[in-house]
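Here the structure comes first, spelled out in structure tokens, and everything after it is commentary.
Read-outs throughout are calculated quantities, based only on the coordinates presented, and are distinct from any laboratory measurement. These figures come from a predicted structure and were not determined experimentally. In this analysis, Cβ positions are derived from the backbone assuming ideal geometry, glycine residues included, and neighbour counts consider all displayed protein chains.
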Amino acid sequence: MAKILIVDDEARIRMLLQSLLKANGYEASTAKDGDEALALLKKEEFDLVITDLRMVPMDGMMLFREIKTLFPSMPVILLTAYASVETAIEAMKGGAFDYLTKPFKVDEMLATVRRAEEHAKTHTAVVSTDPNAPLRYQFENLIASNSAMMQVCEMIQRVAPTAATVLINGESGTGKEVIARTIHNTSQRHDKPWVAINCAALPEPLLESELFGHVKGAFTGAHVDKEGLFETASTGTLFLDEISSLPLVLQGKLLRVLQEKEIRRVGDTKNIAVDVRVIAASNTNLEHMVVQGKFRADLYYRFAVITLDIPPLRERLEDILPLARHFIRIESAGSKTLPTISEEAADLLLAYKWPGNVRELENSIKHAVTFLEEDVITPELLPPRIVTRATEAKSQQPLQFPPGSNTSLKGFLKLKEKEYLEQILTSTKGDKEKAAQTLQVSLATLYRKLSDEEPASS
């Protein structure tokens with residue numbers, strides 16, 4: 001959870017906020033004025049600041065400007081009375097994250113803090129500063145035995161060398177950013193900047209300045225010229241996550257950038273040429289949003305020329321265990337032995353519906369490896385919710401036998417095994433060698449299991 005600094009000259013407000021935040025799992029410190037806040041910020045690491053606007057001798061605006069100078073990426077939430085709302089809005093244009101009006105609602109305050117926390121983690125990331133990124137995000141590291149996912153991989157290989165814009169559709173946690181980074185790192189721009197922004201993590205007044213930059217004096221709080229993310233990403237790739245959150249007015253400006261390949265900073269009169277490949281992602285059906293008038297049709301069709309539809313993990317049954325083993329290898333790096341997954345645990349992983357998709361699977365494996373004492377992941381090492389819900393799902397599955405089939409336990413297990421083998425073969429398009437590799441059995445074993453003949457009894 002985030003570490004938060006609360007700044008207010010009213011002790012009652014400081015204590016109230018600190019108590020509320022701590023009750024919700026946050027670490028919270030307080031400062032009675034701007035000078036004390038700056039001293040703490042220089043001494044300790046904080047994830048975000050909540051500050052009152054009206055303080056003496058240093059008011060909230062002065063403190064905000066100091067924070068943005070010293071810690072440009074630090075999210076700042078302003079506390080304001082109704083009469084000062086206009087000042088707070090201007091501050092947001094200058095880079096403040098959001099504001100809360102006194103008296104604030106607890107739920108509203110917590111929701112704003114959570115958004116600021118997410119913003120601090122994900123709003124931008126220049127991947128070229130990560131020396132391991134070019135190795136981590138390569139086509140070879142994508143795991144796909146599912147037929148729909150294999151088609152996505154084929155598209156990635158074809159699209160990556162081009163300069164085309166790409167739209168990636170998929171539920172949260174399906175790995176959209178991983179795919180976007182893979183496209184970048186296997187493209188001709190692989191050694192150029194990678195910049196990512198979560199459009200939903202930024203308040204609307206701040207988003208335009210973040211994308212396109214601004215010039216000094218464009219609005220209150222704009223004390224210097226600021227380069228936008230399009231300029232930062234020039235010659236490289238800009239990833240726009242949750243593009244469905246873009247306001248309609250910014251959708252129009254984005255369309256112009258894609259068409260004209262130039263941007264105009266907020267408050268400027270001249271255009272700046274940019275060479276940026278844009279990859280967008282959405283967890284919302286943009287076609288439906290077009291019909292509803294919430295997303296521009298011309299922008300959608302600009303992206304929809306090349307679309308990648310990522311299936312949810314619950315529809316990628318044959319990918320679950322290979323992905324789990326992949327995450328085990330990552331989490332066990334440096335260990336002498338590589339943990340395995342017990343049959344019982346594997347059964348639960350396959351039965352669970354994975355609402356959080358690949359991200360949830362990765363976190364579940366991290367949880368299991370963290371508490372691992374031996375070299376086998378057993379059901380008790382999995383998060384309890386997975387065990388509970390997977391067990392419930394299995395108990396609700398009706399037993400279905402073909403007419404005249406063997407209803408013994410042995411017959412049932414053989415039937416289910418054969419169904420699974422056929423599913424794997426479908427995903428590999430009949431390639432038995434690849435299917436055997438996926439199943440981690442020999443080719444001879446696979447042929448024997450596909451046969452309807454019972455082994456001879458001794």
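Quick check on region 3-121: take the gyration tensor over C-alpha atoms, sort the square-rooted eigenvalues as a ≥ b ≥ c, and tell me if it's rounded (a/c under 1.5), prolate or oblate. In terms of gyration-tensor shape, rounded. For F295, the residues whose amide H sits under 5 Å from its own are V290, ignoring neighbours fewer than 5 places away on the same chain, with H placed 1.01 Å from N. How much of the pair distance distribution for region 21-60 lies past 17 Å, counting alpha-carbon pairs only, in percent? Across region 21-60, Cα pairs with separations above 17 Å total 33 percent. Taking a straight Cα-Cα cut-off under 18 Å and skipping sequence neighbours fewer than 8 places away in the same chain, the aspartates and glutamates within cross-link reach of K434 are E140, E154, E318, D319, E417, E419, E422. For the pair region 152-207 and region 1-30, the centres of their Cα atoms are 37 angstrom apart. Considering only Cα-Cα distances, which of the following residue pairs are longer than 26 Å: K32/K105; K192/K216; K176/K336? Pairs exceeding the cut-off: K192/K216; K176/K336. The GluC sites (Glu not before Pro) found in region 17-90 that occupy coil by DSSP, while having at most 15 further C-beta atoms within 10 Å, are E44, E45.
The slack between A333 and D298, meaning 0.36 nm per residue of separation minus the straight C-alpha distance, is 7.9 nm.
For region 3-121, the relative contact order is 22 percent, taking Cα pairs closer than 8 Å that sit 6 or more residues apart in sequence and dividing their mean separation by the residue count.
For the peptides 332-340, 46-54, 252-260, 208-216, the ranking by packing is 46-54, 208-216, 252-260, 332-340, with the highest mean count of neighbouring Cβ atoms within 10 Å listed first.
Multiplying the residue separation of K22 and D9 by 0.36 nm and subtracting their alpha-carbon distance yields 2.7 nm.
One chain, two ends: A273 and E344. Fully extended at 0.36 nm per residue, the span grows by 19.8 nm beyond their Cα-Cα distance. Taking a ≥ b ≥ c as the square roots of the eigenvalues of the Cα gyration tensor, region 321-393 is classed as prolate, since a/c reaches at least 1.5 and a/b is larger than b/c. In percent, rounded to a whole number, the relative contact order of the chain is 12, using alpha-carbon pairs under 8 Å and six or more apart. Charge tally around G236: other residues with Cβ under 12 Å, Lys/Arg +1 each, Asp/Glu -1 each, net +1.
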